[in-house]
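K.L.:
Provided herewith is a single structure, encoded as structure tokens, for subsequent inquiry.
The values are calculated or read from the model by the stated rules, or taken from the named source; none is laboratory data. A quick note: this is a predicted structure, and the numbers were derived from the prediction, not measured. With ideal geometry, Cβ positions are generated from the backbone for all residues, glycine too; neighbour counts draw on all protein chains shown. Surface accessibility is based on the protein's heavy atoms, side chains included, excluding ligands, DNA and RNA. Shrake-Rupley method; radii C 1.70, N 1.55, O 1.52, S 1.80 Å.
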Amino acid sequence: QVQLVESGGGLVQAGGSLRLSCAAVGSISSISAMGWYRQAPGKQRELVAATTSGGSTDYADSVKGRFTISRDNAKNTVYLQMHSLKPEDTAVYYCNAQARPNGSFLYTNFWGQGTQVTVSS
């Protein structure tokens, strides 16, 4: 039905930048919120940033001022621009979307496969 295809992870030195992309593909009627979560080894998955279809955004305190989430509604794509990366940003980053598949009346939570971001000191 709906798949989230992520790209853009990798290895970067501290202070560097990366841009993550996530495209929602499939039989989609509409998408409400989209966002990014991350999970470091031994830790719980946490919200990094999220955005609504109307453009409202929310960020974890740890990334405010460094990360920017944006969205292209026409392409069903969400981006995460990350600057001033720190070693503690190292994690698997997961895309999330609340989407309503064609033929459904309900919004369902969908997840991407995850992309590794590693920040070296």
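K.L.:
Would you work out the charge dipole size for the chain about its Cα centre, treating the Cβ of every Lys and Arg as +1 and the Cβ of every Asp and Glu as -1, and quote it to the nearest 20 debye?
P.N.:
For the chain, the charge dipole is close to 60 debye.
K.L.:
Let me ask something else. Taking 8 Å as the Cα distance limit and 6 or more residues as the minimum spacing, I'd like the relative contact order of the chain as a percentage.
P.N.:
Details: 311 pairs, mean separation 43.9, N = 121.
Relative contact order comes out at 36 percent.
K.L.:
In segment 1-88, if the dipole is taken from +1 on Lys/Arg beta carbons and -1 on Asp/Glu beta carbons about the Cα centre, which of Ser17, Ser7, Gln39 is farthest to the positive end?
P.N.:
Ser17
K.L.:
Using a 1.4 Å probe, what is the accessible area per residue for the chain, in Å²? The partial results should precede the final answer.
P.N.:
Details: 6330 Å² over 121 residues.
I get 52 Å² per residue for this part.
K.L.:
So, taking all protein chains as they sit and a 1.4 Å probe, how much accessible area belongs to Leu106, in Å² rounded to tens?
P.N.:
120 Å²
K.L.:
Near Gln81, within a Cβ-to-Cβ distance under 10 Å, what is the net charge of the other residues, with Lys and Arg +1 and Asp and Glu -1?
P.N.:
Values: positive: Arg19, Arg66; negative: none.
Computed value for this residue: +2.
K.L.:
Counting only the heavy atoms of the protein chains, how much of Asp61 is accessible to a 1.4 Å probe, in Å² to the nearest 10?
P.N.:
120 Å²
K.L.:
What does the C-alpha gyration tensor say about the overall shape of the chain? Classify as rounded when a/c is under 1.5, otherwise prolate if a/b is larger than b/c, or oblate.
P.N.:
Cα axes put the chain in the prolate bin.
K.L.:
Rank by packing, highest mean first: peptides 109-117, 52-60, with packing defined as the count of other Cβ atoms within 10 Å averaged across residues. Can you show the working numbers first?
P.N.:
On the way: 109-117: 16.4, 52-60: 12.9.
Those peptides, ordered most packed to least, come out 109-117, 52-60.
K.L.:
Given a 1.4 Å probe and heavy atoms of the protein chains only, how would you sort Arg38, Arg71, largest accessible area at the top?
P.N.:
The ordering from most to least exposed comes out as Arg71, Arg38.
K.L.:
Indicate the gyration tensor shape class of segment 45-109 (rounded, prolate or oblate), computed on the Cα atoms with a ≥ b ≥ c the square roots of the eigenvalues: a/c under 1.5 is rounded; otherwise a/b larger than b/c is prolate and the rest oblate.
P.N.:
Since a/c reaches 1.5 and a/b is larger than b/c, the shape of segment 45-109 is classed as prolate.
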